[in-house]
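The values are calculated or read from the model by the stated rules, or taken from the named source; none is laboratory data. Note that the structure is a prediction, hence the values are computed from the model and not measured. Because the Cβ atoms are built from the backbone with ideal geometry, glycine has one as well, and the counts that use them run over all protein chains shown. Areas reflect the complete protein model, heavy atoms only, side chains present, ligands, DNA and RNA absent. Shrake-Rupley method; radii C 1.70, N 1.55, O 1.52, S 1.80 Å.
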Amino acid sequence: MFTKLKIFLEMIKFEHSVFALPFAFMGAILGSVVWQGHLPSWAQIGWITLAMVGARTAAMALNRVIDQAIDKRNPRTENRAIPAGLISIPQVILYIIISFAVLFWATYHLSALSMKLLPIAVFFLVIYSYTKRFTWTCHFVLGLTLGLAPLGGWIAVTGQFTWSSIIFFLTVACWSAGFDLIYACQDAEFDRKEGLHSLPSRFGIKAALLTARVLHVLTAIGLVSLFFITHLSWLYLVGLVIAYILLFKEHRLVTPQDLSKLNTAFFTMNGVLSLVMFTFTLLDVLVSKHS
């Protein structure tokens, strides 16, 4: 049982929850402090954590089930757990059911609006895995899906939409779509042969990397706009400078002629960026609160 669980967690890259979870916490902190004047409770943080883990686990596991035939034909993914026969489809489906149950249970304990909007979130979690079968805009669908993390955190503690939360949602959506474009470059030729849709396979790797740069410029604009609309201070700006440096280095690592450092650009840089933004936002709020 524990061996299968370990295989499952490795299959869905559970450790990559670090991409979206810090932004969910950041959304909760900003929403609570800006609109309510205090930090979110530990109970709210706990339920948000469970909801995020449940959502991401269900989405990634569904992706592996839906893409099992494609993964088996792709040399890059043929050794994943399902194509390699390390775990069965019924076992993965059981984990998916448990993950969705955790998501529903956690969301029930958050704001009423969170519960009302849950079907929309589930729709995006499910539909993303199918989009590459019919549209090269699949990267933007993923961006919108991951952008729900900060928006969800914000709504979970405030129970309302605000312009600030929408800007944060779009900022993270641009960031996510941008790094997914970079990641998709390694499968451009395979996607083309298989008749799958992606921006790199449709327009070429150079165009994909250029689009990713534009999206990350929009990310940079969105992050700095949060400084003004949420009245953060210099500590947030320090984190912002570090995030900008990371985005710049990410795009320096990958070129149309050399994708050898793609995993470093995708996994390391983006994981660090989300942690940096959350950490400096939290420090900013804590220092301001006690000054």
Task: Selected residue [closer than 30 Å to residue 239 by Cβ, open to solvent by 30 Å² or more (accessible area, probe 1.4 Å) and in contact (Cβ under 8 Å) with a residue 40 or more places away in the chain] from 26, 52 - done: 52
TODO: Can you work out which of the residues in region 232-262 that are within 17 Å of the chain's Cα centre (by Cα) and either in contact (Cβ under 8 Å) with a residue 60 or more places away in the chain or within 15 Å of residue 181 (Cβ to Cβ) (or both) is surrounded by the most Cβ atoms within 10 Å (Cβ to Cβ)?
DONE: 250
Open item on the list: The conditions are (1) under 26 Å from residue 137 (Cα atoms); (2) outside any helix (DSSP H, G or I), and residue 218 fails exactly one of them. Which is it?
Closed with: (2)
